[in-house]
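For reference, the structure is listed below as structure tokens.
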Amino acid sequence: SGTATTATTSDLTIRGNLIIGNGTTFSAGASTLTVSGTTTVGAGTSGNLTISSLTGPKTFIGLVTVNSGATWDNSINRAVTFRGGITNNGTFTAGTGGYTFDTNAQTLGGTFSIPNIIVTGVTLTNNDTLTVGTTLTGTGGLTQAAGSTLNIGGTSDITTLTAVSTGNTVNYNGTGSQTVRAVNYYNL
């Protein structure tokens, strides 16, 4: 916490929770990072989690929460794996690396623009607004919660897309031709 800045330089497994306080930057460098518990970025005014290298897998097993005023920065475009979902109330810079959701059913809360999503063998539920610019793929499913919005700008060949909840909307808004999934929609 405070004004500390730290960067990983060797493999790191955090068996508990990772809490990045206000005014603090945690940089996941050229090493393996695994967080077994929850990850909380910021305490309401600032805080920054930066993925700063393409080397080493980055795995977040518990819920990742990006609080108001805080930043998730993956502009280096590293692939990341999630097993507990994400809640975003701050700034979420996804980059273009693949975001894999596996092992457990998960939810996305808040507004996201994630170009490449892979859902493997589980259900990912979108509770708010999700923009997938390039690919939505995998052997799992994406479920639209009531009142949520899904913007698909590229291809969608995920095994299951469930979009029948009241008030949800799915937009196919790519600049080229797109294949619309043959499923039932509340709003298309």
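Just so it is clear, none of the values below were taken in a lab; they were calculated from the coordinates. All values reported here derive from a predicted model rather than from experimental measurement. Please note: Cβ atoms are built from the backbone with ideal geometry, for glycine as well, and neighbour counts cover all protein chains shown.
With the largest listed first and rounded to whole Å, the semi-axes of the equivalent ellipsoid of region 112-172 from the Cα gyration tensor are 16, 13, 9. Available extension along the chain between Thr169 and Ser27 is 47.5 nm, counting 0.36 nm per residue and deducting the alpha carbon span. Where in region 34-78 does the label zone of Leu12 land, with the point 7 angstrom along Cα→C-beta and an amide N cut-off under 11 Å? Of the residues in region 34-78, 34-35, 49-52 have backbone N under 11 Å from the label point off Leu12.
The simple spin-label model puts a point 7 Å past each Cα toward its Cβ; for Ala146 and Asn77 those points are separated by 4.1 nm.
From Cα pairs below 8 angstrom and at least 6 apart in sequence, can you work out the relative contact order of the chain, rounded to a whole percent?
Reported as a whole number, the value is 11 percent.
With the simple spin-label model, which puts each label point 7 Å out from Cα in the Cβ direction, the Thr103 to Val183 separation comes to 2.4 nm.
Can I get the semi-axes of the chain's equivalent ellipsoid? Compute them from the C-alpha gyration tensor as square roots of 5 times the eigenvalues, in angstrom, largest first. List each step's numbers first, then the result.
Values: eigenvalues 175, 54, 42 Å².
Taking √(5λ) for each eigenvalue gives 30, 16, 15 Å, largest first.
Counting only Cβ charges, +1 for Lys and Arg and -1 for Asp and Glu, the dipole size of the chain around its Cα centre is about 100 debye.
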